[in-house]
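Have a look at the structure below before the remarks.
Every number in this text was worked out from the coordinates using simple rules, so none of it is lab data. Fair warning: this is a prediction, and the values are worked out from it, not measured in the lab. Every residue, glycine as well, gets a Cβ built from its backbone with ideal geometry; the counts of neighbours run over all protein chains shown.
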């Protein structure tokens, strides 16, 4: 009887410890900056990075981010997935893939980076992309699943004509400049083709 009471009390103490750990993690998730939160949970982050997401896999220590990387809002990085359907046959099944985002890469808003993917040096992942395969250095990918669009050099060449030179201006100065800019300087997209 004495052992079972001791075991019972130990299980209660352990349950409280887990609950407190979850509360602390939730507190940090809400009140820490996205970059500090990522570092707190174990994401390896290089120098001079801009991180605007808090959507990290349950194994954040399998994610490595190089220097000068920008990861915008609501990007999700996954290091596992699909295990639930396999566990009917293999109850202990788990599989993982490390995610590496190399120096100078840019990940657009709402993109999903899947397990085992490497994003190459200076690569650009367009907003909303689902990246299921590794991305070579210096290319632009987009879509679901993400596909090659062009090289970053080609992207720069195509978009240089839209450079308005407003980077670094205050909000008010940028607003004034943009509202007084001639229409031809703005990006304008064509219509979707209807067959």
Could you please let me know if residue 67 is surrounded by fewer than 18 Cβ atoms within 10 Å (Cβ to Cβ) and either in contact with a strand residue (DSSP E or B) (Cβ under 7 Å, 6 or more places away or on another chain) or under 27 Å from residue 29 (Cβ atoms) (or both)? yes
Restricting attention to region 169-190, report how many residues are surrounded by 13 or more Cβ atoms within 10 Å (Cβ to Cβ) and in a loop (DSSP other than H, G, I, E, B). 1
Do any strands (runs of 3 or more DSSP E) lying entirely in region 53-168 carry at least 1 residues that are under 11 Å from the mean Cα position of the chain (by Cα), and which ones are they? 63-65, 99-101
Members of region 70-99 that are out of contact with any strand residue (DSSP E or B) (no Cβ under 9 Å at 6 or more places or on another chain), farther than 23 Å from residue 129 by Cβ and in contact (Cβ under 8 Å) with a residue 12 or more places away in the chain: 83
Do you know which residues across region 80-105 are in contact with a helix residue (DSSP H, G or I) (Cβ under 6 Å, 6 or more places away or on another chain), surrounded by 13 or more Cβ atoms within 10 Å (Cβ to Cβ) and more than 30 Å from residue 50 (Cα to Cα)? 93
Please identify the pairs in which a residue from region 152-165 that is farther than 22 Å from residue 178 by Cα has its Cβ atom under 6 Å from the Cβ atom of a residue that is part of a loop (DSSP other than H, G, I, E, B), counting only partners at least 6 apart or on another chain. 152/122; 152/138
